[in-house]
1. Which residue is nearest to residue 199 (Cα to Cα), if the candidates are limited to the range 213-228 and must be touching a Phe, Trp or Tyr at 6+ places or on another chain (Cβ under 9 Å) and not polar (S, T, N, Q)?
2. Quick check: is even one residue across the range 94-105 touching a residue at least 24 places away in the same chain (Cβ under 8 Å), outside any strand (DSSP E or B) and either polar (S, T, N, Q) or not assigned by TED's automatic domain parsing to the domain that holds residue 255 (or both)?
3. Name the single residue that is surrounded by the fewest Cβ atoms within 10 Å (Cβ to Cβ) among those in the range 15-55 being among the aliphatic types (A, V, I, L, M), modelled with pLDDT of 95 or more and in contact with a helix residue (DSSP H, G or I) (Cβ under 7 Å, 6 or more places away or on another chain).
4. Among 63, 38, 14, which is the only one that is over 19 Å from residue 110 (Cα atoms) and within 22 Å of the chain's Cα centre (by Cα)?
5. Tell me which of these residue 128 doesn't satisfy, since it passes every other one: (1) surrounded by fewer than 16 Cβ atoms within 10 Å (Cβ to Cβ); (2) touching a strand residue (DSSP E or B) at 6+ places or on another chain (Cβ under 8 Å); (3) of a type outside the set (A, V, I, L, M, F, W, C).
6. Among the residues of the range 176-189, what is the count of those that are in a loop (DSSP other than H, G, I, E, B) and either within 16 Å of residue 144 (Cβ to Cβ) or under 22 Å from the mean Cα position of the chain (by Cα) (or both)?
7. Of all residues in the range 209-239, which are buried (at least 17 other Cβ atoms within 10 Å of the Cβ) and outside any helix (DSSP H, G or I)?
Amino acid sequence: MSRTYTTVGINLKAMPLGENDRLLSVLTRDRGLLKLVAPHCRGSRSRLGGRVDLFVVNQLFIANGRSLDRILQAETVMTYHGLTTQLARITAAQYLGEVVLYQADHPQPQPELFDLLCTTLEQLQQLSSRAALAVLLRSLCRLLDLSGIAPQWHQCGDGGGAIHVPAADTDWRLGFSFAAGGLLTTGRGDRQLTASEVRLGQWLATPATQECDLKNFLEASQVYPLSVWLSLERVLRQYMQFYFDKVLRVPPLLDTCFSPLMVPQP
């Protein structure tokens, strides 16, 4: 068995390890999530330098270790510098990165997840705050679908019947249950959703929306008010925390990006 291997990976998390090293969480296309030691990278003379920064994609040459593999060499393939020029962009990127970490918690090939993350980061680089929120939610819905825990938006979770949403906003409400994985026609569930929120959830869940090019997606997204996007983000946030059984740390930072327009907490 070879004691070294190569792979392409994107840095999702870095933690200090000892006096000079870092422990990286790296998502790869062909090996899934790897925990790798980046040796001697915390000094000013580090050979790895910026290659260990968040969301840098590297071609990695790695040596097998007894407990942790070590990076011997790294050549940068892609960076996403545009993310850091606006708070909403980098926050959306970190939000998605945190969810990906919880989803990709095993060393198995996950090419679709890798491609989804990299594509989303590329798209986020030039977007306004509102557009970044829309792209983030579309990617979160796709990620949940890949993981097999996407909420049901078109059928009720308590009987399987089709959900018919009124065309106009009225006092119509549907319950959303985290445990049932979607909408309820009976009972209040964990949240009460408006017609606009349900319509947005249904739209994001359709294959046509997921496959739509960025320009047409952003144009179509303007139909839904920002307040509806913010409200649905809260629903998805709570839903993911329920399924992962973890409190997501980054999403509250997203609240600060839109604080003048934040919808009230339920």
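1. Here is the first cut: in the range 213-228, the ones touching a Phe, Trp or Tyr at 6+ places or on another chain (Cβ under 9 Å) are 220-221, 223-224, 226.
Within this subset, residues satisfying the condition of being not polar (S, T, N, Q) are 220, 223-224, 226.
Values: 220: 13, 223: 11, 224: 9, 226: 14 Å.
Result: 224.
2. Within the range 94-105, one or more residues are touching a residue at least 24 places away in the same chain (Cβ under 8 Å), outside any strand (DSSP E or B) and either polar (S, T, N, Q) or not assigned by TED's automatic domain parsing to the domain that holds residue 255 (or both).
3. 27
4. Values: 63 fails: within 22 Å of the chain's Cα centre (by Cα); 38 fails: within 22 Å of the chain's Cα centre (by Cα).
On inspection, the qualifying residue turns out to be 14.
5. Failed condition: (2).
6. Restricting attention to the range 176-189, the residues satisfying the condition of being in a loop (DSSP other than H, G, I, E, B) are 178-181, 185-188.
Right, trim to either within 16 Å of residue 144 (Cβ to Cβ) or under 22 Å from the mean Cα position of the chain (by Cα) (or both) and you get 178-181.
Going through the range 176-189 one residue at a time, the tally reaches 4.
7. 224
Let's see how each residue does on (1) under 24 Å from residue 116 (Cα atoms); (2) not charged (D, E, K, R):
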position	(1), (2)
50	yes, yes
56	yes, yes
63	no, yes
72	no, yes
77	yes, yes
81	yes, yes
89	yes, no
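The values are calculated or read from the model by the stated rules, or taken from the named source; none is laboratory data. Since we're looking at a predicted model, the values are computed, not measured. Heads up, the Cβs are rebuilt from the backbone with ideal geometry, glycines too, and the neighbour counts pull from every protein chain shown.
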